Amino acid sequence: VITKDKKDVMGASTVKRILDPIFDRVTREKNYPEVAVTVIPSEESVDRILSIANLERLSLEFERPNADDDNELEQLFMKQMEKENASKVIHELIATKNNSLEPSNKTKRLARLASQNGKVTGYGRNEYGTKVTESTDKIPHIKHVPVDTDIETARDALNRDANNWEDS
């Protein structure tokens, strides 16, 4: 999504708010499976959340993953959700009193899955004791695509980048 074109700016969360009701209406009218729009977070967002100095609570929200994803964990998760007729799974870890969570490798993998198919939110305190809340839906992936306005429009640049992305 091109979110900045000359002076016009549109954030990724705004695009999500536009797309959600469109997909909701189409899925209801055409009786299609539910569609969830996830703003892809920056690559370091999960690490940033997991590195909160005193991580008191970790919330992983999973929307049903896309069926076309090649990730084996996603496919297993999707099959389980379908089997249970679930559209969303919320998995929370809460630290014991006066301790910080120490997520296992499995939890870290689940957090990365949730970041791509839902969201991950961490609650805790920084090294100074100040309350901190970090969420992948507030840390979007940003990709800069140059646009030469003398020879192409923003839409041309978006199409060019989308075609390059599919080929890579």
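The values are calculated or read from the model by the stated rules, or taken from the named source; none is laboratory data. Worth saying up front: this structure is predicted, and the values here are computed from it rather than measured. Neighbour counts are summed over all protein chains in view; Cβ atoms, including those assigned to glycine, are modelled from backbone coordinates with ideal geometry. Only protein heavy atoms, including side chains, enter the accessible area calculation; ligands, DNA and RNA are left aside. Shrake-Rupley method; radii C 1.70, N 1.55, O 1.52, S 1.80 Å.
Does segment 73-106 hold any residues that are modelled with pLDDT of 95 or more, hydroxyl-bearing (Ser, Thr, Tyr) and in contact with a strand residue (DSSP E or B) (Cβ under 9 Å, 6 or more places away or on another chain), and which are they?
Selection gives 100 alone.
Could you please find all residues in segment 35-49 being free of Cβ contacts under 8 Å to residues at least 40 places away in the same chain and either among the hydrophobic types (A, V, I, L, M, F, W, C) or buried (at least 18 other Cβ atoms within 10 Å of the Cβ) (or both)?
35, 37
State the number of residues belonging to segment 87-127 that are in a strand (DSSP E or B) and open to solvent by 40 Å² or more (accessible area, probe 1.4 Å). Talk me through it step by step, then tell me what you get.
Applying the first criterion (in a strand (DSSP E or B)) to segment 87-127 yields 88-94, 118-125.
Narrowing further to those that are open to solvent by 40 Å² or more (accessible area, probe 1.4 Å): 88-94, 119, 123, 125.
So the count comes out to 10.
Report yes if some residue within segment 92-108 is within 20 Å of residue 34 (Cβ to Cβ) and touching a helix residue (DSSP H, G or I) at 6+ places or on another chain (Cβ under 8 Å); otherwise report no. Walk me through how you get there before you give the answer.
Kept after step one, since they are within 20 Å of residue 34 (Cβ to Cβ), are these residues of segment 92-108: none.
No; the residues of segment 92-108 include none that is within 20 Å of residue 34 (Cβ to Cβ) and touching a helix residue (DSSP H, G or I) at 6+ places or on another chain (Cβ under 8 Å).
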